[in-house]
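Quick notes on the structure that follows.
The values are calculated or read from the model by the stated rules, or taken from the named source; none is laboratory data. Since this is a predicted model, take the numbers as computed values, not measurements. For neighbour counting, all protein chains shown are included, and Cβ atoms are generated from backbone atoms with ideal geometry for every residue, glycine included.
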């Protein structure tokens with residue numbers, strides 16, 4: 001993933017197509033980083049997206065690079081979580097339904 005650093009503004013900006021990652025993954029990754037950085041999401045044209053992480057405290061260039069790498073890893077993690085949840089939904093729903101049915105069945 002491409003990103004640019006602006007050390008003066010203490011921020012990292014990612015640019016990519018809006019169909020690369022699901023919005024839920026973007027929001028999830030942003031939430032994970034909300035304790036360390038302000039997260040800005042902006043549409044760029046019809047199919048582009050920009051995510052900017054601005055450190056809440058001053059960060060050196062090396063720290064900004066690390067922040068960018070960690071954010072990208074978290075974005076991949078959130079995407080994988082979404083895919084696993086999507087593929088296991090039927091199983092999860094069946095287990096929950098069975099548990100609710102068992103909880104409401106009178107004991108003999």
Worksheet item: With 14, 71 as the choices, which residue is touching a strand residue (DSSP E or B) at 6+ places or on another chain (Cβ under 9 Å), surrounded by 10 or more Cβ atoms within 10 Å (Cβ to Cβ), in contact (Cβ under 8 Å) with a residue 40 or more places away in the chain and in a strand (DSSP E or B)?
Response: 14
Worksheet item: Would you pick out the residues in region 35-49 that are exposed (fewer than 14 other Cβ atoms within 10 Å of the Cβ) and either within 11 Å of the chain's Cα centre (by Cα) or part of a strand (DSSP E or B) (or both)?
Response: 40, 41, 42, 43, 44, 48
Worksheet, complete the sentence: Note on residue 76: of the conditions (1) surrounded by fewer than 18 Cβ atoms within 10 Å (Cβ to Cβ); (2) modelled with pLDDT of 95 or more; (3) in a helix (DSSP H, G or I), unmet is (2)
Practice prompt. Return yes when residue 31 is touching a residue at least 40 places away in the same chain (Cβ under 8 Å) and not in a loop (DSSP other than H, G, I, E, B) and no when it is not.
Written response: no
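Determine whether residue 31 is within 14 Å of the chain's Cα centre (by Cα), more than 18 Å from residue 1 (Cβ to Cβ), surrounded by 10 or more Cβ atoms within 10 Å (Cβ to Cβ) and at pLDDT 90 or above.
yes
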Worksheet item: So is residue 59 in a loop (DSSP other than H, G, I, E, B), in contact with a helix residue (DSSP H, G or I) (Cβ under 9 Å, 6 or more places away or on another chain) and closer than 21 Å to residue 4 by Cβ or not?
Response: yes
